[in-house]
1. Just to be sure I understand, how many residues within the range 203-213 are small (Gly, Ala, Ser) and crowded, with 16+ Cβ neighbours inside 10 Å?
2. If we scan the range 178-189, do we find a residue that is crowded, with 16+ Cβ neighbours inside 10 Å and at pLDDT below 95?
3. Report, by residue number, each residue of the range 101-121 that is within 24 Å of CYS225 (Cβ to Cβ), aromatic (Phe, Trp, Tyr) and in contact with a strand residue (DSSP E or B) (Cβ under 6 Å, 6 or more places away or on another chain).
4. Quick test for you: out of TYR216, TYR299, TYR281, TYR241, pick the one residue that is in contact (Cβ under 8 Å) with a residue 24 or more places away in the chain and either acidic (Asp, Glu) or surrounded by fewer than 22 Cβ atoms within 10 Å (Cβ to Cβ) (or both).
5. Of a type outside the set (D, E, K, R), modelled with pLDDT of 95 or more and crowded, with 19+ Cβ neighbours inside 10 Å: does that describe TYR168?
6. Just checking: which of the helices (runs of 4 or more DSSP H) contained wholly in the range 259-321 hold 2 or more residues that are of a type in the set (D, E, K, R) and in contact with a His (Cβ under 7 Å, 6 or more places away or on another chain)?
7. Suppose we keep only residues that are surrounded by fewer than 18 Cβ atoms within 10 Å (Cβ to Cβ) and among the aliphatic types (A, V, I, L, M) within the range 132-165. Which one would you say is nearest to CYS230 (Cα to Cα)?
8. For the range 216-235, give me the residue count where each residue is in a strand (DSSP E or B) and either more than 16 Å from ARG160 (Cα to Cα) or of a type in the set (Asp, Glu) (or both).
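The values are calculated or read from the model by the stated rules, or taken from the named source; none is laboratory data. Predicted, not measured: the structure shown is a model, and the values here were computed from it. Here the Cβ positions follow ideal geometry from the backbone for every residue, glycine too, while neighbour counts run over all protein chains shown.
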Amino acid sequence: MKIGFYIKWNKHSLHSKANVIGDELFSESLCRALKKLPEVSDAQLYAPNYIPDDLLDVMIYLNDTEPNNKWAKKHILYFQNSYEDKMKEMLTKFQKINYDGYIFFSKRLFEMHRVSGYKGFFLSFGVDLDIFYPREKEDAYIFDVAYVGNDIKGVNRTMRYLYPAIKYNFGLFGNWKIPRARFRFWRNWRKYPSYKKEFEKLSKGKIALEKLPVLYSSAKINLNCTLQSCVDWDVVTLRTYEVLACKGFLISDRVKSAEKELNDCLVFTDGGNDLIKKIDYYLKNKEERKKIAQRGYEYVTEHASIVTKARELYEYIRSLK
């Protein structure tokens with residue numbers, strides 16, 4: 001079977017100066033895992049700058065791209081993007097498009113789809129254990145607290161779940177630059193939330209993929225801040241599994257499925273003062289951090305690997321008539 005994944009942005013974001021596209025990294029991991037299955041002859045990630053030469057058995061679309069019959073015999077939508085407050089609207093739009101199958105990252109969204117009379121499949125994220133595994137600590141990445149991400153979580157969540165970390169040795173990575181393209185920006189400087197000015201100064205910029213597991217393994221505490229829409233739709237993010245796969249200790253905002261699935265594998269916070277108290281406590285209790293991180297590592301390697309998810313995905317594809 002020949003399987004393709006399609007993203008609507010150009011490939012190779014990892015090696016560009018722009019933000020890394022999570023869809024690209026996740027799809028590439030799934031492709032590598034699928035190619036290990038004896039039933040799969042090939043699995044590739046396609047994009048506007050890299051389209052298939054031959055007809056595939058199935059194409060899986062990770063964004064709002066309509067099926068292209070020149071590319072594949074069957075077409076599947078993998079609904080794994082967040083559309084903020086337009087999730088229901090987007091679901092209705094996708095249901096009207098003639099996909100052969102539907103895959104969801106949210107159980108809640110999948111149930112809504114099913115109740116509407118459609119068939120589909122729930123597939124949670126899985127971590128590539130060939131990339132994310134415990135590494136030797138490196139001095140350059142031994143921070144009290146660390147976070148990797150871009151400025152996309154909104155003012156409220158950023159102030160609540162990330163900003164308190166500025167009082168510590170905070171390893172912040174990602175794109176936190178404030179655009180200065182227009183003169184009127186300077187007149188609006190005082191209107192910018194306080195975190196933007198601080199984070200622009202603190203950020204160490206884009207981190208190389210090969211150093212990401214080193215950071216997760218080296219930092220005393222890693223933070224996770226989830227998009228509000230992913231909290232609303234009860235999604236356990238890929239970052240959660242990646243940190244745990246590196247035996248990283250993680251403090252995360254609350255997501256119901258994560259609290260149920262990973263209750264003793266990480267620490268959950270309500271943000272603000274609660275986050276500060278938990279950072280203070282766990283910085284002083286190294287052995288407790290290690291025990292929690294070990295449980296997280298054991299859970300992810302057994303239940304949330306990309307190899308496991310690739311097999312689940314293949315079985316769903318095979319079930320389509």
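1. First, pick out the residues of the range 203-213 that are small (Gly, Ala, Ser): 203, 205, 208.
Restricting the remaining residues to those that are crowded, with 16+ Cβ neighbours inside 10 Å gives 203.
Going through the range 203-213 one residue at a time, the tally reaches 1.
2. In the first step, residues of the range 178-189 are kept if they are crowded, with 16+ Cβ neighbours inside 10 Å; the result is none.
Looking through the range 178-189, none of the residues is crowded, with 16+ Cβ neighbours inside 10 Å and at pLDDT below 95.
3. Within the range 101-121, the first condition is being within 24 Å of CYS225 (Cβ to Cβ), and the residues that meet it are 104-109.
Checking the rest, the ones that are also aromatic (Phe, Trp, Tyr) come to 104-105.
Scanning the range 101-121 gives a single hit, PHE104.
4. On the way: TYR216 fails: either acidic (Asp, Glu) or surrounded by fewer than 22 Cβ atoms within 10 Å (Cβ to Cβ) (or both); TYR281 fails: in contact (Cβ under 8 Å) with a residue 24 or more places away in the chain; TYR241 fails: either acidic (Asp, Glu) or surrounded by fewer than 22 Cβ atoms within 10 Å (Cβ to Cβ) (or both).
Answer to the selection: TYR299.
5. Details: of a type outside the set (D, E, K, R): yes; modelled with pLDDT of 95 or more: yes; crowded, with 19+ Cβ neighbours inside 10 Å: no.
Judged against the criteria, TYR168 is not a match.
6. Working: elements: 273-283, 286-303, 306-319.
Helices (runs of 4 or more DSSP H) meeting the threshold: none at all.
7. ILE152
8. Summing the residues that are in a strand (DSSP E or B) and either more than 16 Å from ARG160 (Cα to Cα) or of a type in the set (Asp, Glu) (or both) in the range 216-235 gives 1.
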